[in-house]
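Scroll down for the structure; my scribbles are underneath it.
The values are calculated or read from the model by the stated rules, or taken from the named source; none is laboratory data. Bear in mind the structure is a predicted one, so any value in this text is a computation, not a measurement. Heads up, the Cβs are rebuilt from the backbone with ideal geometry, glycines too, and the neighbour counts pull from every protein chain shown. Quick note on the areas: whole protein, heavy atoms, side chains included, nothing else; ligands and nucleic acids left out. Shrake-Rupley method; radii C 1.70, N 1.55, O 1.52, S 1.80 Å.
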There are 4 protein chains.
Amino acid sequence: MSKYEHIQQSAFDANMQLPKLNLVIFTFGNVSAIDRNLNVFAIKPSGVPYQELSPDKMVIVDLDGKVVEGKLHPSSDTKTHAVLYKHWEDIGGIVHTHSTYATAWAQAQRDIPVFGTTHADHLVVDIPCAAAMSDEMIIGDYEHQTGFQIIECLKTKELSYRDIEMILVGNHAPFTWGSTPEKAVYNSAVLENIAQMALLTEQINNNPPRLKASLIKKHFERKHGPDSYYGQ
Amino acid sequence: MSKYEHIQQSAFDANMQLPKLNLVIFTFGNVSAIDRNLNVFAIKPSGVPYQELSPDKMVIVDLDGKVVEGKLHPSSDTKTHAVLYKHWEDIGGIVHTHSTYATAWAQAQRDIPVFGTTHADHLVVDIPCAAAMSDEMIIGDYEHQTGFQIIECLKTKELSYRDIEMILVGNHAPFTWGSTPEKAVYNSAVLENIAQMALLTEQINNNPPRLKASLIKKHFERKHGPDSYYGQ
Amino acid sequence: MSKYEHIQQSAFDANMQLPKLNLVIFTFGNVSAIDRNLNVFAIKPSGVPYQELSPDKMVIVDLDGKVVEGKLHPSSDTKTHAVLYKHWEDIGGIVHTHSTYATAWAQAQRDIPVFGTTHADHLVVDIPCAAAMSDEMIIGDYEHQTGFQIIECLKTKELSYRDIEMILVGNHAPFTWGSTPEKAVYNSAVLENIAQMALLTEQINNNPPRLKASLIKKHFERKHGPDSYYGQ
Amino acid sequence: MSKYEHIQQSAFDANMQLPKLNLVIFTFGNVSAIDRNLNVFAIKPSGVPYQELSPDKMVIVDLDGKVVEGKLHPSSDTKTHAVLYKHWEDIGGIVHTHSTYATAWAQAQRDIPVFGTTHADHLVVDIPCAAAMSDEMIIGDYEHQTGFQIIECLKTKELSYRDIEMILVGNHAPFTWGSTPEKAVYNSAVLENIAQMALLTEQINNNPPRLKASLIKKHFERKHGPDSYYGQ
């Protein structure tokens, strides 16, 4: 029995949610779960279909992206996960998908404007889209650089990964994170939902009003912060 | 055994219809059921996923929005339900969802034009979209004010809640109601269907003809009023 | 045992296909099946949900739209079915739905242009949209007149119901027919598919080329006529 | 027991994936599997619904499109398959569908631009759309000519069938292929996904940036070629 069994199980459970929530087809996505004491994370093996996964197939990787345990190759996006875990000490799980609507916004290279309370229930700003990388970054250690591109995007916009748990990578697709892998998967599903509704909103009204600042604040505080009154 | 068991069961059954009808993901919706003799209603607890619901978890609330029985917090939209029940004496159930197409129209802050007989079978006017609230209303008792915003919108347009059983709240999402919780859920599904078809209609014809007055009248009278001949 | 059992079973089976093919929600559709020797047809009862249907609940109606056998009211669209059966002697089944994309084209009051071979495999012309009816026709015997509106539309366009087994009724929704109720249901599903692809085609290319005459002819003849080589 | 049982089973399995992946309704698609030693392929019979298929119903055809074994007529697209197998010696399976989004691009007669890494993971150029055929080709041996139209399109664009495993046939619908029937089905599903996301991308940004050359190269090499590091 591996001493990493708990994060393997957690990563497995979260990975299996992706096809159920219609966020992936075939192998187009991956979830990881970190153990902050051991400083390693469990991640989906590369190119293995969801129906063939099992907890013991999750690969154990350290924060430099090196495999610690496991016979399979880890996801090709592993280094992006490693960079984010290394720099963002409070997150417990990361998800990457190519979900349809979020990916379309990423391909269009646009931030998703905050048009309604569904969005404001989860974050108070537009969902950022990180710029496409420079040729240098791409030709170099690409997945490593993708992690830095994400971190840099939040810094430039003066946003914290604690408040903003989702991002689009320009031309590519979304990444989400959270205190647990399960929460990160939830964020991926919410992002896909917000992305679809934002496009529809622009199709119904070609100049839709952004959400009022007071309403953004109200809805976010309903779910977050000291006076939140949503949930149990 | 609670004396509120009948409305708990009724609210539970209606809540469980929402995910089956693809009107909610996660916890993004709630249904309530009122007992007009006891002057209390049963409503979904806040933040509890549908698969974890049971009839006894439904929270009993009075028409001022105060909890009468139940260990869980009621839905954060409870005060909106309470205001509507207090002012509209003939309704038996209320539904709130963030269903995709209806929410997109709410975010676009447009009434849904009556383009066809599917719409006219259910109501004879455009489906109203209540204006976004003033900052004062939002900062104050927000969910309470949402109820008044809905009531005020119908009054301004000289519409009766007896004829119009659905509304969009600008920037937010739809509310529907009816003689029973089941009917209110039906109205939410019909609204989502009408909302999708109205957007598609405008995409096919950028200046679609509104439904003729005579046809609106005919279809509505097929289903409602003294000479109706729809149903059994 | 009713002597109409065979058409009741046939109408029941075809009606139950509508929700499976995602062509209806709730009670928004109906199928009928005719016995040409007895000159009566079996049709879905009005306002009864699909999950509560059974063969014996199908109502038997004559070609003037009068109930011959059955305790329930027939579909409110019964007279439209009756008119079509009376005038088109070769059809064995009729379907009416409010399927999403076909209804959107009907609401937009546009014929569906023939953009591809999926369309041409089934009919060689644009799918016609009958004009909205005059106030007189609507105020009079509405469902009766809907039947005549359909017949008139084909006549004006010099089309035969034998070649064209689907039509949109402006502002309303589609009707389809065929040699059997099963074939009519197939036509409803094909129409919905063509309707969706035609809208998407116009969204991808705002001036899409119509299908070449030679290709329309070729594809249609693959499936129909003396030299057909499609199917068994 | 037929000596063709292995390709019948393989073609059957792959055909049955089409409805599961929502790539076909009714009989609108077909898959074939070739045995390169025997120089014959197994293909779906024409007009037979997927739920009635069995491995022994797959028809065995030679590379001139002539039936070698089987009581049923082969798919009406059989000659297109035969031409492709004859000219492209390295492919093991071919798929034809009328999947919704890919068919809409084919009807719009546009290549699908490479907007993101989902596309670049699979091919490095726009997905080509073969021009509509000349009247002569259509009136002649149509399905035979469809094969040549596909081959000609790749030649003109200086593309190899080994790199590009999917194409749109203008006004018609997609064809995909691969080393195995299973891989060809995978390509059909990927194409449908890319086609949907490309349309959405253009709806979100009416002048979306094409993917940078460096990123196209990087993503493709992750999955293909000597330095690939995707998969096991």
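Descriptive notes on the structure:
- Between copies, the label points of A:Lys86, set 7 Å from Cα on the Cα→Cβ line, lie 5.8, 5.8, 8.2 nm apart, reported in increasing order to one decimal in nanometres.
- 5 Å binning of all Cα-Cα separations within the range A:113-176, expressed as whole percents from 0 upward: 4, 17, 28, 22, 15, 8, 4, 2, 0
- Residue-count net charge about D:Pro45 - beta-carbon cut-off 11 Å; Lys, Arg +1, Asp, Glu -1: +1
- Neighbouring partner chain Cβ atoms per residue of A:92-99, average, 10 Å criterion: 1
- Taking every residue in D:166-174 and counting other chain Cβ atoms within 10 Å of its Cβ, the average works out to 4.
- Degrees, to the nearest 10: C:5-20 long Cα axis against longest axis of chain C: 50 degrees
- Drop in accessible area of at least 40 Å² in the complex versus isolated chain, residues of the range D:191-208, 1.4 Å probe: D:Asn193, D:Met197, D:Leu199, D:Leu200, D:Thr201, D:Gln203, D:Ile204
- For the residue pairs D:Lys71/D:Lys155; A:Lys157/A:Lys183; C:Lys212/D:Lys79; A:Lys86/A:Lys217, the alpha carbons lie more than 29 Å apart in D:Lys71/D:Lys155; A:Lys86/A:Lys217.
- To the nearest ten degrees, helix A:213-223 and the longest principal axis of the Cα atoms of chain A are 40 degrees apart.
- With all protein chains modelled, accessible area of B:Tyr230 [1.4 Å, Å²]: 60 Å²
- For the protein assembly as shown, the convex hull drawn through the C-alpha positions has a volume of 191 cubic angstrom per residue.
- A Förster radius of 56 Å combined with the Cβ-Cβ distance from A:Asn207 to D:Ser134 puts the calculated FRET efficiency at roughly 0.75.
- Other copies of C:Ser228: label-to-label distances in nm, shortest first, labels 7 Å along the beta-carbon direction: 4.4, 4.4, 6.2
- In chain C, the beta carbon lying closest to the axis that superposes C onto D belongs to the residue given here with its whole-angstrom distance, C:Gln203, 5.
- Listed residues D:Thr97, A:Gly140, C:Val48: farthest to the positive end of the dipole of the protein assembly as shown (Cβ charges): A:Gly140
- Neighbouring Cβ atoms from other chains, within 10 Å of the Cβ of residues in A:109-116, number 4 on average.
- Other residues within the sphere of radius under 11 Å centred on the Cβ of C:Gly178, judged by their own Cβ, net out at -1 (K and R +1, D and E -1).
- Carbon + sulfur, % of accessible area of the protein assembly as shown - ligands and nucleic acids excluded, 1.4 Å: 49 percent
- Neighbourhood charge, 11 Å Cβ-Cβ cut-off, centred on A:Gln8 and excluding it, Lys, Arg +1 and Asp, Glu -1: -2
- Residue-wise HN-Hα couplings along the range D:49-63, as the Karplus relation 6.51 cos²θ - 1.76 cosθ + 1.60 with θ = phi - 60° gives them from phi, are x, 4, 6, 9, 6, 8, x, 5, 7, 5, 8, 9, 10, 8, 6 Hz; Gly and Pro carry x.
- Note on C:Asp64 and C:Ser2: the model spin-label points, each 7 Å out from Cα along the C-beta direction, lie 2.1 nm apart.
- Centre separation in Å (Cα based) which lies between the range A:208-232 and the range D:167-232: 40 Å
- Centroid-to-centroid separation of the range C:16-66 and the range C:1-15 [C-alpha atoms, Å]: 9 Å
- Whole-number percent relative contact order across chain C, with pairs defined as alpha carbons under 8 Å at least 6 apart: 21 percent
- The convex hull defined by the C-alpha atoms of chain A has an orientation-averaged projected area of 13.4 nm².
- Percent of C-alpha pairs per 10 Å bin in the range A:94-232, short distances first: 12, 41, 35, 11, 1.
- Adding -39500 (n - 2.57) for every DSSP H run of four residues or longer, then dividing by how many residues the protein assembly as shown holds, sets the calculated 222 nm ellipticity at -12500 deg cm²/dmol.
- Teacher prompt: C:Asp35 distances to equivalent labels in other copies, 7 Å Cα→Cβ, nm: 5.2, 5.2, 7.4
- Put simply, the convex hull of the Cα atoms in the range D:43-169 casts, on average, a shadow of 8.9 nm².
- In degrees, nearest ten, helix B:181-204 long axis to first principal axis of chain B (Cα): 40 degrees
- Looking at the range B:5-224, the accessible area is 36 square angstrom per residue; that uses a 1.4 Å probe and ignores ligands, DNA and RNA.
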